[in-house]
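The values are calculated or read from the model by the stated rules, or taken from the named source; none is laboratory data. This one's a predicted model, so the numbers in the text were calculated from it and none came from an experiment. Backbone-built Cβ (ideal geometry, glycine too); neighbour counts: all protein chains shown. Each accessible area value is taken on the protein alone, full model and side chains, heavy atoms only, with ligands, DNA and RNA left out. Shrake-Rupley method; radii C 1.70, N 1.55, O 1.52, S 1.80 Å.
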Amino acid sequence: MPGYFSPADQRALAGAVIAALADAPPYRPSMPRTGAPLSVTMSNLGPLGWISDRDGYRYEPVHPVTGRPWPPLPEALLTLWDAVSGWPQPPQACLVNIYGADSRLGLHVDADEDARDAPVVSVSLGDRARFRIGGPRRNDPTGSLVLSSGDVVVLAGASRRCHHGVDRIYPGTSSLLPAAWRPGRINLTLRRVR
Ligand code: MD3
Ligand code: FE
C-alpha cells in the first residue's frame, strides 16, 4: 500500500519508534554458526523480539544486550495491524531493522514463527530501498520493487512463505528521519509469533 501513512503520520511514528529505542538500543546481530555480523542493526518492540546469534535465530522476551524487556508497541502500530492484517489477535513482535547507506539483507524466508499462517505487516520509514521477492524455493525467479517512506506491505497467504530480501537502500532519498539517522532506513515488521 504505497503512501499508506501521510508525511505527518510518518514523522509521528518515526518519533515514537526512535523514542522507544532509547530503552532498547539497536545492536548488530551475528549469524548463527559463523558469528559474522549482519550489516543491518536491529531492535524490537512488543512482548517478543527476534534475535540472531551464534546459537541460532529465535524470539526472546528480553534484549540480548541489556537483558531488559522490549519496550511496548506504539499505539499507532496496533491500530495499523487491526486495519490491514485481517488477523484476529494483536501482533506479538515488532522487529526494527535499521539500514545504513551500505546495509543489505540477503534473500531469506521468515520461518522462526510458530504462527506460520499469520501475516507479516511491514512499514518503511526514511530512505527508499529495493525490496526483492521470489517464491517458496530459493531458486525461484525473483522480482523487485522500490519501497518508499510511508509504504506498508502486508505479506499474507502464499507470499508469507516466499524468499525475500533488500538489495540496497538509496541514500539521501528521504528527509523524514532526524539528522543522526541519515542516510538511513527503518523497517518495522509486525508479527504473530505463537
Ligand atoms: C515476505 N525485512 O525483517 S520487509 C525481515 O525491509 C525482512 O527490512 C525486510 O525481510 C526489510 O524479515 C523486508 C517486507 C517483508 C517482511 C516479511 C516477509 C516481506 C516478507 C515475510 C515473508 C515474505
Ligand atoms: Fe524477512
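Suppose we filter 119, 91, 74, 64 for residues that are of a type outside the set (Val, Ile, Thr) and farther than 26 Å from residue 146 by Cβ; which single one remains?
Details: 119 fails: farther than 26 Å from residue 146 by Cβ; 91 fails: farther than 26 Å from residue 146 by Cβ; 74 fails: farther than 26 Å from residue 146 by Cβ.
When all the criteria are applied, what remains is 64.
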Being surrounded by 15 or more Cβ atoms within 10 Å (Cβ to Cβ) and under 26 Å from residue 169 (Cβ atoms) narrows it down to one of 85, 39, so name that one. 85
Hey, residue 10 hits all of (1) open to solvent by less than 70 Å² (accessible area, probe 1.4 Å); (2) touching a Pro at 6+ places or on another chain (Cβ under 7 Å) but one; which does it fall short on? (2)
Which pairs do you get when a residue that is under 21 Å from residue 148 (Cβ atoms) and outside any strand (DSSP E or B), found in the range 96-111, comes within reach of a residue that is near ligand 1 (Cβ under 10 Å from one of its atoms) and among the small types (Gly, Ala, Ser), reach meaning Cβ atoms under 8 angstrom, with the pair 6+ apart or on two chains? 104/165
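In the range 113-131, what count of residues is obtained for those that are in a strand (DSSP E or B) and within 9 Å of ligand 1 (Cβ to nearest atom)? Before you say what the answer is, go through the steps one by one.
Within the range 113-131, the first condition is being in a strand (DSSP E or B), and the residues that meet it are 120-126, 128-131.
Cutting the leftovers down to within 9 Å of ligand 1 (Cβ to nearest atom) gives us 120-124, 129, 131.
Qualifying residue count for the region: 7.
Return a yes/no flag: does the range 152-168 have any residue that is under 20 Å from residue 94 (Cβ atoms), in contact with a Leu (Cβ under 8 Å, 6 or more places away or on another chain), modelled with pLDDT of 95 or more and in a loop (DSSP other than H, G, I, E, B).
From the range 152-168, those under 20 Å from residue 94 (Cβ atoms) are 152-156, 159-160, 164-166; that's our starting set.
Of the ones still in play, those that are also in contact with a Leu (Cβ under 8 Å, 6 or more places away or on another chain) are 152-153, 164-166.
If we keep only those that are modelled with pLDDT of 95 or more as well, we get 152-153, 164-166.
Those left that are additionally in a loop (DSSP other than H, G, I, E, B): none.
No, the range 152-168 contains no residue that is under 20 Å from residue 94 (Cβ atoms), in contact with a Leu (Cβ under 8 Å, 6 or more places away or on another chain), modelled with pLDDT of 95 or more and in a loop (DSSP other than H, G, I, E, B).
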What pairs can you find where one residue is in the range 1-27 and among the polar types (S, T, N, Q), the other is surrounded by 13 or more Cβ atoms within 10 Å (Cβ to Cβ), and their Cβ atoms are less than 7 Å apart, with a gap of 6+ or different chains? 10/125; 10/149; 10/150; 10/176
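Of the residues 144, 159, 175, which single one is more than 12 Å from ligand 1 (Cβ to nearest atom), of a type in the set (Ser, Thr, Tyr), surrounded by fewer than 19 Cβ atoms within 10 Å (Cβ to Cβ) and more than 13 Å from the chain's Cα centre (by Cα)? Write out each step before concluding.
Values: 144 fails: more than 12 Å from ligand 1 (Cβ to nearest atom); 159 fails: more than 12 Å from ligand 1 (Cβ to nearest atom).
None of the other options fit; the residue is 175.
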Do any residues in the range 159-172 that are closer than 16 Å to residue 129 by Cβ and in contact (Cβ under 8 Å) with a residue 40 or more places away in the chain have Cβ atoms under 6 Å from those of residues that are more than 9 Å from ligand 1 (Cβ to nearest atom) and among the hydrophobic types (A, V, I, L, M, F, W, C), where the two are at least six apart or on different chains, and which pairs are they? 165/107; 171/101
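Here are some residues: 138, 168. Which one is open to solvent by 60 Å² or more (accessible area, probe 1.4 Å) and within 15 Å of ligand 2 (Cβ to nearest atom)?
Values: 168 fails: within 15 Å of ligand 2 (Cβ to nearest atom).
From the options 138, 168, the qualifying one is 138.
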